1. Does residue C:288 satisfy being surrounded by fewer than 24 Cβ atoms within 10 Å (Cβ to Cβ) and of a type in the set (S, T, N, Q)?
2. Going through the stretch A:276-288 one residue at a time, which ones are more than 22 Å from residue C:279 (Cβ to Cβ), part of a loop (DSSP other than H, G, I, E, B) and not β-branched (Val, Ile, Thr)?
3. Give the stretch B:6-43 a look and list any residue that's among the aliphatic types (A, V, I, L, M), assigned to a strand (DSSP E or B) and surrounded by fewer than 19 Cβ atoms within 10 Å (Cβ to Cβ), or say none.
4. Tell me which residues, restricted to the stretch A:44-73, are of a type in the set (A, V, I, L, M) and in a loop (DSSP other than H, G, I, E, B).
5. List pairs: first in the stretch B:304-316 and within 15 Å of residue B:277 (Cα to Cα) and not assigned by TED's automatic domain parsing to the domain that holds residue B:289, second at pLDDT below 95 and of a type in the set (Val, Ile, Thr), Cβ under 9 Å, 6+ apart or cross-chain?
6. Could you please find all residues in the stretch A:199-223 being surrounded by fewer than 24 Cβ atoms within 10 Å (Cβ to Cβ) and under 12 Å from the mean Cα position of the chain (by Cα)?
7. For the stretch B:74-90, give me each residue that is assigned to a strand (DSSP E or B) and of a type in the set (Val, Ile, Thr).
8. Is the stretch B:295-306 home to any residue that is at pLDDT 95 or above, buried (at least 19 other Cβ atoms within 10 Å of the Cβ) and small (Gly, Ala, Ser)?
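The values are calculated or read from the model by the stated rules, or taken from the named source; none is laboratory data. Just so we're clear, the structure is a prediction, and the values are computed from it rather than from any experiment. Don't worry about glycine lacking a Cβ; one is built from the backbone with ideal geometry, like all the others, and counts go over all protein chains shown.
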Amino acid sequence: MNGQLGAWTVGRVAELVGGTVVGDASTAVSGLDGIDTAEAGDLVFAESSRYLEAGLKSRATGVITTPELAISSEKPIVLVDQPRLAFLKLLEAFAGNTHHETGVDPSAVVHPDVVLGAGVYIGPLVSVESGSYIADGAALMAGVHVGKGCTIDEDTTLFPNVVLYAGVTIGKRCLIHAGTVIGSDGFGYVPVGASLKKVPHIGTVRIEDDVEIGANCCIDRAKTAETVIGAGTKLDNLVHVAHNVKIGKSCLLVSQVGIAGSTTLGHGVILAGQVGVADHVNIGDGAQVGAQSGIRYDIPAGAAYFGSPAVPLTRRMKEISIRNKLPETLKEFRQMQKRIAELESQVERLLNSIPAEQVSEEPDSLAGD
Amino acid sequence: MNGQLGAWTVGRVAELVGGTVVGDASTAVSGLDGIDTAEAGDLVFAESSRYLEAGLKSRATGVITTPELAISSEKPIVLVDQPRLAFLKLLEAFAGNTHHETGVDPSAVVHPDVVLGAGVYIGPLVSVESGSYIADGAALMAGVHVGKGCTIDEDTTLFPNVVLYAGVTIGKRCLIHAGTVIGSDGFGYVPVGASLKKVPHIGTVRIEDDVEIGANCCIDRAKTAETVIGAGTKLDNLVHVAHNVKIGKSCLLVSQVGIAGSTTLGHGVILAGQVGVADHVNIGDGAQVGAQSGIRYDIPAGAAYFGSPAVPLTRRMKEISIRNKLPETLKEFRQMQKRIAELESQVERLLNSIPAEQVSEEPDSLAGD
Amino acid sequence: MNGQLGAWTVGRVAELVGGTVVGDASTAVSGLDGIDTAEAGDLVFAESSRYLEAGLKSRATGVITTPELAISSEKPIVLVDQPRLAFLKLLEAFAGNTHHETGVDPSAVVHPDVVLGAGVYIGPLVSVESGSYIADGAALMAGVHVGKGCTIDEDTTLFPNVVLYAGVTIGKRCLIHAGTVIGSDGFGYVPVGASLKKVPHIGTVRIEDDVEIGANCCIDRAKTAETVIGAGTKLDNLVHVAHNVKIGKSCLLVSQVGIAGSTTLGHGVILAGQVGVADHVNIGDGAQVGAQSGIRYDIPAGAAYFGSPAVPLTRRMKEISIRNKLPETLKEFRQMQKRIAELESQVERLLNSIPAEQVSEEPDSLAGD
């Protein structure tokens, strides 16, 4: 696949999307990405002059934009009427043939009552228990286990060794990466005398459409009702989502994030790597939380938080700046203490040097205090 | 199962446990939990008036208590002579039929010398190596691997794709969730010249009775002797327990906790989410550590610690309160510097204004310093 | 195996390596380790008087050193001409017979075009897809999945349920522990209108020789080109390595470390437990980072960093020391405020007590400000 990609150039990209090149059409292209995360070799797209400027300043090798925004640049630019559609077409072309095989490997163990849609792939050594439904175009790769009564909707792929406990529902076009476990019991115990008795977890997990979940994640089933991951949300590797958590649409949870029970995330929330969120917290739409932060209380929509415990980002940045100067500040503080002691000594000498009857009892300025 | 539960009401609960209802017997009940973690729909139990009060204030829908504590409340109360026993009976009823299937799936690969007890279940695509012993009532679900010479005691369940390396021992009535790995080598290397040579890990892991371990956890084998997880202890998902760690009884380790080599936890220790504990640390019985804390030094029994590095909780809360006011405190500090400079200026003017011979050399109050 | 080791004594060790014993040759020996991490029962080795001294002060039971360094000690010492070679010989002896079985288990599903070297072991329920190459002496234990076109070089072991996505390359003598996933897609999305479109990840992962990776780790494939883990590097459990990360040789990444995309580590870098490193960061050769630190900016070679966000270790230790005294410092600060108010009051009284014309307008010492 890499060999084939080695042949991509800005010129070939322009040809594919029906565009024209400003600059060196022979420039090699190796990938596609967003402006913020692009690397050398990548093409990005821009629908406004602001983004075009950002794209040209980014690590990207070239930018796809509209003819009316055309400017001259050291980087090659592809001009096309609808840059967004062109970019989507290119994403597909670069990803290559992602169609999976179809059919059921003879080593798979599929309960006879399982319903398999058209074009399904059941890989080697997969097991699917009774009452499950695998919709058209879904793929269960090697070693996947699907418990009783699960539903896997159209065109969803479970990568090798994914485990679904009983009763889990996965939407359309989801990608669940290897080793991820969905539907294990939530972490709940009642102290009864000296021992901890397990709380029944009789709810389930529902993953909506177009969700991608990284490798070795854990999504616990609800105590009752559902743990939910909203449509279009993406989880990185090793993320923990506890029982009864509700995550909205189009959120991004970076690797090693952990979310405790019954917490709710709105839509478009971004949690950076290793963030921890306590139980029963509400995080508003579009909120963003910096890496390694610890969230104990609700966060309003649109807010940016950072720190453990987390506070608003601007506040935290000020704190960090103060923290970084603490050693110097403490030196100043010790000097101030000396200066005050010196002042006290001087003032005492002054007071001693002036006849007591001459010193006013109470200064005017403090009279009203 | 949910359908069946939809039919539960406070009245039906009272009937099952032989109790009577104060309040609306038709109130729907969906689950059971402890007072601290209960949600709407849950019943909790209380054996004292203090807990009854807490239960009525909690998110729970109703409380099970004794006739002598009966009070009137907006929430329905179930009166029964032994609320604790009633609650245990209900836990069983709500969890439903948790009896697993029995027998060995024909796709499993079980070494001929493996001893299988009565009522054992070996699921599809399980492999069990030579010399292992699977006691009565144990269940190995799909894709589990059991290495050479392991012991899995009565009524223990290994969920799908659990891996036991050779020589691991698991007690009775344990639940080990999907993807968890027990017995992998500890992380130990000796620098020998320019390279890192692997330290032999020839010890093992012993999990005592009634332990529950979440999904995708890692419990490393000891260098020599044993890594131990004590009876009744519960681990959440993605927890790391290093070689030679000893964990006492009835501890709670929340998700993504990591414990480094040779550290010891007493009984009843609670580590909140994402806590890290360094190597060779001793944590006393009943100690509690707040989320994301980092433990480098021993913690005494019963203590509450928080922070990275962790300090006693009350101390940490004071620090956080101080930290949260740092920007304001720094402003005050800068004002103080100005006030001191102003004072110095004024005092200098005063000193200059008084004939030198008139000012005493040394103030009386500092004479003894 | 433990029974056999129970028979090891300092005397037997000396015999095996052709050395002589100073002290009690009957002392029992249970393991081998480095001086910093040794436990009671371990032997360590020392090639200089400084290390000999450290070894005798350590938890180790005895030290292997050279005849010219011989001193008397309460701990037994084994004298041998080449302590390092003796130690390597002992490591092998203690690890015991680590040779794996050979042959292909009949339950494995191996594509007919897969090339298997001599002495390969393919365990039960393993699947290997088309185009892969398993070199001499490699072992794929139960439940391993190897995707299309992977290369696993000589004498490498994949422990149970390891998953390699297509196109991954693993070097010689590597140990990849159970449940680890190598080659899953990196975490990359382009916002296109309201939705997040997946960035194609068409690169791969290359693991060099003598790498050990713990259990349930995740190593993502590159967007283009390669994610690389350098020769001799060791990863603990539950470590996340994102797309396009380059890790140098002989690094140590302790458990639950997470490294974001396109970050580069030099050689001999040590990241302690739960460290997080942001994307596009460069960490120089030999840098060391303390537990739970968060790295946002480059770290120079040889530096020690600590904290979240991380700063140089000595600076951080000073900050922690200041932080630990903040409550007391704040008390002093409040006292200072009172002392200043008192001074201001006194100075005002002084100023009021002296005829205005007597007080100089501007003190000499501040005249130049």
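1. yes
2. If the condition is that a residue be more than 22 Å from residue C:279 (Cβ to Cβ), part of a loop (DSSP other than H, G, I, E, B) and not β-branched (Val, Ile, Thr), then A:278, A:279, A:280, A:284, A:285 are the ones that fit.
3. Of everything in the stretch B:6-43, just one residue is among the aliphatic types (A, V, I, L, M), assigned to a strand (DSSP E or B) and surrounded by fewer than 19 Cβ atoms within 10 Å (Cβ to Cβ), namely B:28.
4. If the condition is that a residue be of a type in the set (A, V, I, L, M) and in a loop (DSSP other than H, G, I, E, B), then A:46, A:60, A:70, A:71 are the ones that fit.
5. If the second residue must be at pLDDT below 95 and of a type in the set (Val, Ile, Thr), no pairs are left.
6. A:212 - this is the single residue of the stretch A:199-223 that is surrounded by fewer than 24 Cβ atoms within 10 Å (Cβ to Cβ) and under 12 Å from the mean Cα position of the chain (by Cα).
7. B:77, B:78
8. Scanning the stretch B:295-306 turns up no residue that is at pLDDT 95 or above, buried (at least 19 other Cβ atoms within 10 Å of the Cβ) and small (Gly, Ala, Ser).
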